[in-house]
Every structure is written in C-alpha cells, then in structure tokens.
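Written below as structure tokens is the structure these notes are about.
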Amino acid sequence: MPDTLTEGDRHLLDAAIAQAEKSRREGGIPIGAALGTGDGTVLAVGHNLRVQTGDTTAHAETVCLRHAGRRRDWPALTLATTLSPCAMCAGATVLHQIGRVVIGEHQNYLGREDWLAAEGARLILADDERCKIMMAEFILQHPELWAEDIGEPHA
C-alpha cells in the first residue's frame with residue numbers, strides 16, 4: 001500500500017511552499033524544501049538560491065540539508081520538497097538515508113524518484129495544485145533560467 005500524506009507531511013509541505021514563494025519574491029527559482037519529524041516539526045528549511053548566489057549547487061533540498069547541520073537521525077526524518085528532486089538532490093537524500101520524501105508535484109518535472117525508491121526512501125506524492133501552478137508559471141515566464149537550473153544545454 002502506498003504511503004499517504006499525513007498532517008505532519010502537510011505541515012512540512014506548507015513550510016516548503018513558503019520557502020518556494022520566498023525564492024520567487026527574491027527573483028529566484030520557486031522551489032522550496034523543509035526537513036522535519038513525522039509529526040511535522042520543522043527542523044530546517046531552504047529554498048533555491050542558485051540565481052541569488054550564483055551557486056549551481058544551491059538547490060532547495062541541498063540548502064535545506066545544509067541548514068539542518070550535522071545530525072545522526074536522518075533516516076527517521078521526512079524531507080518535503082515542492083518539486084520532484086533532481087539527480088543532485090536525490091543523491092544528497094540517498095547519501096543521508098532520509099527515510100521519507102514528500103513531493104509537492106512531479107507534473108512539471110520528474111526528477112530521480114526512481115533512484116530514491118530503489119534506495120529505500122518512502123515517497124509520498126502530494127500532487128499539490130499550489131506547487132504545480134507555481135512551477136508551471138515560472139517555467140512559462142523564464143524558460144531559459146529553468147533550462148539552466150535543470151542542466152539542459154542551450155539549443
């Protein structure tokens with residue numbers, strides 16, 4: 001039976017969405033992440049800072065993990081992200097053995113959910129309309145910036 005979205009998951013996803021909105025207000029890519037416990041206690045948040053800082057590795061999930069600091073309880077935690085994680089962010093999640101990943105949406109971009117699942121992460125797809133609309137609008141308004149963020153070469 002697939003995992004279902006819990007109240008704690010919703011709380012973490014709301015925190016991730018708030019981070020995505022913050023990035024959008026800053027002129028960045030509207031992707032956010034939140035790390036927390038099963039009951040929804042937020043331990044760390046992050047948003048995509050690649051545009052704001054010029055750091056190509058500053059995706060929302062990696063920024064969130066940096067803010068979480070040194071920990072030993074990664075497998076017991078949940079990472080909520082507004083968009084399906086790319087290979088780099090999935091890799092960081094696998095490296096830290098994070099046990100659950102709540103994905104806001106994967107309609108606009110399907111990342112490496114296959115890898116996360118193969119490595120034992122429990123994936124919960126929220127299929128959240130706020131996430132879908134925010135990304136769709138951004139991709140439509142900034143196609144070159146989006147292509148740069150996901151590593152697509154120039155045509």
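The values are calculated or read from the model by the stated rules, or taken from the named source; none is laboratory data. Quick caveat: nothing in here was measured; it's all calculated off a predicted structure. Here Cβ is always computed from backbone atoms with ideal geometry, including for glycine, and neighbour counts include all displayed protein chains. Surface areas here come from the heavy atoms of the whole protein model, side chains and all, with no ligands, DNA or RNA. Shrake-Rupley method; radii C 1.70, N 1.55, O 1.52, S 1.80 Å.
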Any residue that is at pLDDT below 95, open to solvent by 50 Å² or more (accessible area, probe 1.4 Å) and over 12 Å from the mean Cα position of the chain (by Cα) - is there at least one of those in segment 4-15?
yes
Which of the residues belonging to segment 24-43 are open to solvent by 10 Å² or more (accessible area, probe 1.4 Å) and in a strand (DSSP E or B)?
V42, L43
Kindly check whether there is at least one residue in segment 58-79 that is assigned to a strand (DSSP E or B), over 18 Å from F138 (Cα atoms) and open to solvent by less than 20 Å² (accessible area, probe 1.4 Å).
yes
Among residues of segment 130-150, those that are open to solvent by 50 Å² or more (accessible area, probe 1.4 Å), closer than 18 Å to L49 by Cβ and in a helix (DSSP H, G or I), counted:
1
Identify the residue in segment 44-55 that is within 22 Å of G69 (Cβ to Cβ) and not in a helix (DSSP H, G or I) and, among all such residues, is farthest from the chain's Cα centre (by Cα).
D55
Has segment 104-123 got at least one residue that is surrounded by fewer than 20 Cβ atoms within 10 Å (Cβ to Cβ), of a type in the set (K, R) and not in a loop (DSSP other than H, G, I, E, B)?
yes
